[in-house]
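Written below as C-alpha cells is the structure these notes are about.
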Amino acid sequence: MHGLGDIGDSLQRLYRALGWRVVSDVHLGDWGLQMGQLIAQIEMDGIAPVYFDVNFVGPYPAESPVSMEDLETLYPRASAACKEDPARLEVARRATVDLQAGRPGYRALWKHFITVSEAGLAREFGALGVKFDLWKGESSVDALIAPMIEDLKARGLAHLSEGALVIEVAREDDKKPLPPLLLVKSEGGVLYGTTDLATIIERRNEQDPDLVLYVVDHRQHGHFEQVFRAAEKAGLSGKAHLEHVGFGTMNGPDGKPFKTRAGGVMKLHDLIAMARDEAAKRLDEAGIGADWPAQERAQIARQVGIATIKFADLSNHRTTDYIFDLERFSKFEGKTGPYLQYAAVRIRSILRKAKPEDLKPAARATLDSPEERALILQLLSLGDALEAAQEKRAPNILCEYAFALAQNFSRFYAERHVLNETDDSVRAARLELCGLVLAVMVQVLDILGIEVPERM
C-alpha cells in the first residue's frame with residue numbers, strides 16, 4: 001500500500017479487516033528536481049553558506065537551517081522561478097544531479113529537509129489518526145538504481161534516445177501512443193520513473209507482495225501506466241499486481257482547489273483546526289455537553305471535526321473531484337460523518353440505560369416487523385459491502401452502507417419500543433439487535449478512520 005491521506009488509510013484498514021497482511025508506505029518524493037530547486041533557492045538566498053562551501057570538510061550543523069514553514073515558502077518560490085527562467089531551471093537540475101551523485105553539503109541539506117518534512121507530516125497525519133508502517137522515500141532505493149540500469153541495458157531493454165536513457169513501453173494496440181519511460185536524463189539525473197522502478201524491485205525483495213496499490217492523484221495515471229508497463233516488460237515485479245488507485249481533488253465552494261481565506265494553499269492542520277472549530281460550534285448549537293468537562297468537550301469537537309473531513313473525502317467515489325462545504329458536512333443530520341457518530345452514540349446511550357438482566361442472553365423472541373427485518377438483512381450484508389469496497393478500492397461503498405444502517409436503525413427505533421417494551425423476551429432481543437447494530441457501525445466507521453465518542 002503506497003499512498004497518502006484518508007483514502008490510503010481507509011484501504012489499509014479495510015484490507016487488514018479482511019485478513020490481508022498489509023505494509024503501508026508513505027513513499028516521499030525526496031530525490032528529484034524539487035530537492036534541487038530547494039537547494040538552489042537556499043544558496044541564492046544566502047541562508048546557509050556552509051553547505052555550499054566546497055572547502056568545508058564538516059561536520060555540518062546538527063540543526064536544520066530551515067523549518068517546515070520555511071520549506072513551504074521556499075519551494076513555491078523556487079518552482080515558479082524555474083518555470084519562468086530556463087537558466088534557473090538549469091541551476092536546479094545541476095543541483096539535483098550533484099545531490100544524487102553524493103555532494104556532501106547537498107546531502108547534508110537534503111537530510112535536514114527530510115527530517116523537518118517527516119516531523120511535519122507525522123504531526124498532520126497523526127492528527128488524522130493516519131499511520132504508515134514505512135516512511136521511505138525515493139532515496140531509499142538509490143543503491144538499486146545503478147545495477148538496475150546496467151541490467152536493463154545488458155538485456156537490451158533500455159537504450160539511448162537524444163542523449164537520454166529510455167525504455168520503450170508503447171504497444172501495438174494503444175489507441176494513442178505512450179511515450180517511452182525516461183530513466184536517466186542527458187545530464188545524468190534520474191527521475192520519478194527510475195526510482196519507482198527501483199522501488200518495485202525493493203518491495204519484491206523485502207515484502208514479496210501479491211498486490212501493490214499506488215494511492216496517488218488520478219492525474220498521475222499516465223506516469224504509472226508507463227512505470228507498470230516497464231516493470232512488466234523487464235520482469236521486475238515478481239508475482240505482484242501493480243495498480244494505480246487514483247483520486248480526485250478537494251475543491252472549495254467556488255469549484256477550485258481548496259484554499260485559505262487569504263488565498264494560500266490549504267494546509268492539513270489548518271483544515272483540521274477549521275473543522276474542529278466548526279464542530280465545537282455545532283455542539284454548542286445542539287446543546288451537547290454544555291456542563292461536561294472542557295477537556296471532554298474539546299476531545300469530542302476534535303473527533304467530530306475529523307469525522308467531518310474524512311466522511312466528506314471518502315463518501316464520494318475516490319476518482320471524482322468534489323466540493324468541500326464545511327458547513328454542510330459538519331451537520332448532525334444528512335449524509336455526514338457527525339450524523340453517523342451521533343447515531344452510534346444514541347445506540348450506546350440506549351444500551352447504557354438498559355437493565356443488566358435485559359442484556360443477558362434470553363429466550364429468543366421472533367423479530368419479524370418490517371423495520372427489524374430491514375436491519376437484520378443489512379447486518380447480514382456487511383460481508384458483501386466489505387468485499388465490494390475491497391474489489392473496487394472504493395471506501396465510499398462503506399460510507400453508503402453506514403448511512404443506510406443508521407437510517408434503518410432510526411426507522412426501527414421510531415416504530416418499535418425497545419426500553420419500554422413490556423414483553424421481556426422481545427425487549428431483550430431488540431436490545432441484542434441494538435448491540436449488533438452498534439458493533440457493526442463502530443467497525444465500519446473505524447475502517448473509515450472515524451472514532452465514535454463515548455457520548456454526545
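Below 21 Å, Cα to Cα, which lysines can Lys392 reach? Residues fewer than 8 away in the same chain don't count.
Cα-Cα hits under 21 Å: Lys239, Lys310.
Cα centroids of the stretch 284-298 and the stretch 363-394: how far apart, whole angstrom?
So the separation of the two Cα centres works out to 34 Å.
Could you please rank Cys399, Cys434, placing first whichever residue has the fewest other Cβ atoms within 10 Å of its Cβ?
Cys434, Cys399
Per residue of the chain, what 222 nm ellipticity follows from adding -39500 (n - 2.57) for every DSSP H run with n ≥ 4, rounded to the nearest 500?
-18500 deg cm²/dmol, from helical runs alone.
Pairs of alpha-carbon atoms within less than 8 angstrom and 6+ residues apart define the contacts here; what relative contact order does the chain have, in percent?
It comes to 15 percent, rounded to a whole number.
Quick one: angle between helix 294-315 and the longest Cα principal axis of the chain, in degrees between 0 and 90, rounded to 10, please.
Helix 294-315 sits roughly 70 degrees off the main axis of the chain.
Taking Cα centroids, how far is the stretch 22-67 from the stretch 99-115 in Å?
A separation of 5 Å, based on Cα centres.
Report, in listed order, any pair from Lys153/Lys175; Lys83/Lys267; Lys131/Lys331; Lys136/Lys335; Lys83/Lys131; Lys153/Lys176 with a Cα-Cα distance greater than 25 Å. Intermediate values should be presented prior to the final figure.
Details: Lys153/Lys175 28 Å; Lys83/Lys267 23 Å; Lys131/Lys331 27 Å; Lys136/Lys335 36 Å; Lys83/Lys131 35 Å; Lys153/Lys176 27 Å.
The pairs that break the limit, which is 25 Å between Cα atoms, are Lys153/Lys175; Lys131/Lys331; Lys136/Lys335; Lys83/Lys131; Lys153/Lys176.
Specify the inter-centroid distance of the stretch 131-150 and the stretch 413-455, based on alpha-carbon positions, in whole Å.
48 Å
To the nearest 10 degrees, how steeply does helix 86-101 sit against the main Cα axis of the chain, on a 0 to 90 scale?
The angle comes out near 80 degrees.
Quick one: of the DSSP bridges fully inside the chain, what percent are antiparallel, nearest 5?
Numbers: 10 of 24 bridges.
Rounded to the nearest five, the antiparallel share is 40 percent.
Computed over the Cα atoms, what is the radius of gyration of the chain divided by 2.2 N^0.38 Å, N being its residue count?
1.18
From the mean inverse distance of alpha carbon pairs (Kirkwood) and the Cα radius of gyration, derive Rg over Rh for the stretch 141-241.
Radius of gyration over Kirkwood radius for the stretch 141-241 works out to 0.95.
Rounded to the nearest 10 degrees, what's the angle between the helix 337-353 long axis and the longest principal axis of the chain, both from Cα atoms, 0 to 90?
Compared with the principal axis, the helix lies near 40 degrees.
Would you order Trp31, Trp135 from fewest to most other beta-carbon atoms within 10 Å of each residue's own beta-carbon?
Exposure proxy ranking, most exposed first: Trp135, Trp31.
Taking the number of other C-beta atoms within 10 Å as the exposure measure, put Lys111, Lys353 in order starting with the fewest.
Lys353, Lys111
Report D for the stretch 127-171 in µm² per second (integer): Stokes-Einstein, Kirkwood Rh on Cα pairs, 20 °C, 1.002 mPa s.
My calculation gives 159 µm²/s for D.
Quick one: Kirkwood hydrodynamic radius for the stretch 268-447, alpha-carbon pairs, angstrom, one decimal?
Computed over the stretch 268-447, the radius equals 17.6 Å.
About the Cα centre of the stretch 268-447, what is the dipole size in debye to 20, counting +1 per Lys and Arg Cβ and -1 per Asp and Glu Cβ, all else neutral?
That gives the stretch 268-447 a dipole magnitude of about 220 debye.
None of the figures in this text is laboratory data; all of them are computed from the coordinates on show. Everything numeric here is computed off the predicted structure, so don't read it as measured data. Every residue, glycine as well, gets a Cβ built from its backbone with ideal geometry; the counts of neighbours run over all protein chains shown.
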